[in-house]
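The structure under discussion appears below in the form of structure tokens.
The values are calculated or read from the model by the stated rules, or taken from the named source; none is laboratory data. Remember, predicted model here, so these are calculated numbers, not experimental data. Don't worry about glycine lacking a Cβ; one is built from the backbone with ideal geometry, like all the others, and counts go over all protein chains shown.
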Amino acid sequence: MTRNNPFIGRGAPVSGERLVGRQTLLDRLIDRARSEAHCSIVGLPRMGKTSVARETLRSLCGASTDMTVGYITLDANRGPIQTYSRILEEISPDASEDQLIARTKDHDEAYESFLRLLRKRHRSGLRSVIVLDEVDAIAREEFSDAQLFISRIREMANDRDRYGVTFIFVSRRSLDMIQGEVDCSTLAGLCEVVYLQPLLRDDLDVLAARSPISIDDTGRETLWQITGGHPFLAEVVMCEAVDKAYPNLGNEAIEGAQHAQSHEFTNQYRQLHSLLSHENMFEALCELAVGPKWRPIDAHIVCLLKHYGLLRSTDETAGGVECMSQHFNNYLTLLTRTTPSWVLLGDAERQLRFLVQDRMVDAYGGDWLEELRKKLPKLTDALDKLVQQRVREKRMFGDAASDFILDYAYIGNLKDMVFAEWEKFRAVLGGAKSDWERRFQDIMKVRNPMAHHRAVPADVLQEAELSCKALLSRLKGEKCSETK
């Protein structure tokens, strides 16, 4: 018998019992719309922005006879004329002006016809609430006359007594950030902005409780650690878990479901990377969440990351933060390990990985890891941890995780391998082993504190930079100089 799975269809807009944890926000939006106050809903991809906007419209329709509502996705429109026509289809399907707008190619003419209908409707006592979704699309080249379109939307929004239109804007980025790319007058000052964040823990438990299979405390905790309350990712995991027909949803069942859907997680994270590429927000997120933190970060960027729910405050007085979820934190760690923010240390670490790999393959062949384990039992635990970490991240992130075993090794691990097989590295590094012990210690003194967001004294940082440069000069075959 096929089990009823209430999570099928994840990713599509939801309503009713599937729209959990948003009632306070819905009440706020409904109240603002009834008071003819414009609003802007901002949030990450698949956070439920469209669902919230549509549910707001449904509630308004059922509570008022003098109000019509419309929903338009700007990403599906070529420009202003099509948008005006689509709005009329939504709020006045029988309007003759709709045909006039559809036939013209002149923006001015279409806009004047659009305004005439709005004035006529308002004089007869009708009001409209219009959702403009995917507002980010106005910044793309394919959307014509974007600058003029925003100015005209602002004109309508500013004069509600004549046009009777209340707007709810929905976007991934704030209106001022979007309009900065178009270089036009801003709508942001007219709107109350609400950020749609991940679900709270209690709300995530409500979502999970819809499962026809009982989920225990370990399963709920693991779902929280994996998703951090991201509603789409939570439904992805729960849908897979229910389909698997586990007898009970505990820690292992939820982890197994996530591993089977790891591609959905990495797809979402890549979208976040693209979204946050503006103003170097992604690099700031990596530094704040997993380190190393090596530069001042604009307070405005920190606020935005918190508004999105990607960072949560852990200690308001000390400014501590944590990532949205442990799983996302692990993903950021994966990225920063292969591309650290501190470029000098990252370059030295990566070049040393390549050297260790080359020397080990030359000495022991392709199965060097196993041979090294046999020869040097003292390194067994450290080598096993590298293998375990690779297996773990392969399960969590699929193809996004590295196959290169030494990508999972930090500078301390690499140092131990070099010193355990010193004769194989002497010709490249040169000098005394004790000198390189000092240099590696200089680097490690900096890397670990920075990775844990602790300040590094200037003299310690300088010594680490000198040691990194000395190491890089040998690895790249350059002449070594330890003076600046």
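Among the residues of segment 410-469, write down those that are among the small types (Gly, Ala, Ser) and in a helix (DSSP H, G or I).
Within segment 410-469, Gly412, Ala420, Ala427, Ser434, Ala451, Ala458, Ala464, Ser467 qualify.
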Quiz item: If you scan segment 175-186, which residues turn out to be at pLDDT 70 or above and under 25 Å from the mean Cα position of the chain (by Cα)?
Solution: Leu175, Asp176, Met177, Ile178, Gln179, Gly180, Glu181
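Step by step: first the residues of segment 1-42, then only those that are polar (S, T, N, Q) and part of a helix (DSSP H, G or I), then the one that is farthest from Ala241 (Cα to Cα). Which residue is that?
First pass over segment 1-42, keeping only residues polar (S, T, N, Q): 2, 4-5, 15, 23-24, 35, 40.
Within this subset, residues satisfying the condition of being part of a helix (DSSP H, G or I) are 23-24.
On the way: Gln23: 27, Thr24: 29 Å.
Restricting to residues being polar (S, T, N, Q) and part of a helix (DSSP H, G or I), the top hit is Thr24.
So in segment 134-152, with the set limited to residues that are out of contact with any helix residue (DSSP H, G or I) (no Cβ under 9 Å at 6 or more places or on another chain) and of a type outside the set (Ser, Thr, Tyr), which one is modelled with the highest pLDDT?
Filtering segment 134-152 down to residues out of contact with any helix residue (DSSP H, G or I) (no Cβ under 9 Å at 6 or more places or on another chain) leaves 141-142, 151.
Subsequent filtering for residues that are of a type outside the set (Ser, Thr, Tyr) retains 141-142.
Values: Glu141: 79, Glu142: 82.
Filtering first and then ranking leaves Glu142.
A quick yes/no check of all residues on (1) touching a Gly at 6+ places or on another chain (Cβ under 7 Å); (2) polar (S, T, N, Q); (3) in contact (Cβ under 8 Å) with a residue 40 or more places away in the chain:
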position	(1), (2), (3)
Lys385	no, no, no
Ser402	no, yes, yes
Leu406	no, no, yes
Tyr410	no, no, yes
Val418	no, no, yes
Trp422	no, no, no
Phe425	no, no, yes
Val428	no, no, yes
Gly431	no, no, no
Practice problem: Kindly indicate which of Val131, Val206 is at pLDDT 95 or above, surrounded by fewer than 17 Cβ atoms within 10 Å (Cβ to Cβ), outside the structural domain of Ala289 (by TED's automatic domain parsing) and not in a loop (DSSP other than H, G, I, E, B). | Solution: Val206
Quiz item: Between residues in segment 107-118 that are within 14 Å of Glu155 (Cβ to Cβ) and residues that are of a type in the set (D, E, K, R) and not in a helix (DSSP H, G or I), which pairs lie under 7 Å by C-beta distance while being six or more apart or on different chains?
Solution: His107/Asp145
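Anything in segment 221-250 that is in a loop (DSSP other than H, G, I, E, B) and polar (S, T, N, Q)? List them, or say none. Before the answer, list the steps.
Within segment 221-250, the subset in a loop (DSSP other than H, G, I, E, B) is 228-230, 244-248, 250.
Once the filter is applied, which keeps residues that are in a loop (DSSP other than H, G, I, E, B) and polar (S, T, N, Q), segment 221-250 yields only Asn248.
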Practice problem: Determine the pairs where a residue that is without any contact (Cβ under 8 Å) to a residue 24 or more places away in the chain, located within segment 346-370, has a partner that is of a type in the set (A, V, I, L, M, F, W, C) and loosely packed, with under 13 Cβ neighbours inside 10 Å with Cβ atoms under 6 Å apart, the partner being 6 or more residues away or on another chain. | Solution: Trp368/Val361
Quiz item: Given the structure, is Tyr408 closer than 29 Å to Ala257 by Cα and hydroxyl-bearing (Ser, Thr, Tyr)?
Solution: yes
Self-check item: Checklist (1) in contact with a helix residue (DSSP H, G or I) (Cβ under 7 Å, 6 or more places away or on another chain); (2) outside any loop (DSSP other than H, G, I, E, B) applied to Pro45, failing item
Solution: (2)
Quiz prompt | Counted residues, segment 244-258 - those being under 22 Å from Asn329 (Cβ atoms), over 19 Å from the mean Cα position of the chain (by Cα) and of a type outside the set (Gly, Ala, Ser) | solution = 4
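Among the residues of segment 31-54, which ones are crowded, with 18+ Cβ neighbours inside 10 Å and aliphatic (A, V, I, L, M)?
Residues of segment 31-54 that are crowded, with 18+ Cβ neighbours inside 10 Å, as a first pass: 32-33, 38-44, 46-54.
Listed by number, the residues that qualify are Ala33, Ile41, Val42, Leu44, Met47, Val52, Ala53.
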Quiz item: Of all the residues that make up segment 149-173, how many are surrounded by fewer than 20 Cβ atoms within 10 Å (Cβ to Cβ), of a type outside the set (D, E, K, R) and under 16 Å from Ile138 (Cα atoms)?
Solution: 1
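Within segment 158-167, can one find any residue that is among the hydrophobic types (A, V, I, L, M, F, W, C) and under 30 Å from His300 (Cβ atoms)? So that I can check it myself, show each step before the final result.
Of segment 158-167, the ones among the hydrophobic types (A, V, I, L, M, F, W, C) are 165, 167.
Right, trim to under 30 Å from His300 (Cβ atoms) and you get 167.
Yes, that holds for at least one residue.
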Quiz item: Would segment 248-266 turn up any residue that is over 20 Å from Leu199 (Cβ atoms), surrounded by fewer than 19 Cβ atoms within 10 Å (Cβ to Cβ), at pLDDT below 90 and not aliphatic (A, V, I, L, M)?
Solution: no
Quiz item: Does segment 55-77 hold any residues that are among the charged types (D, E, K, R) and surrounded by 20 or more Cβ atoms within 10 Å (Cβ to Cβ), and which are they?
Solution: Glu55
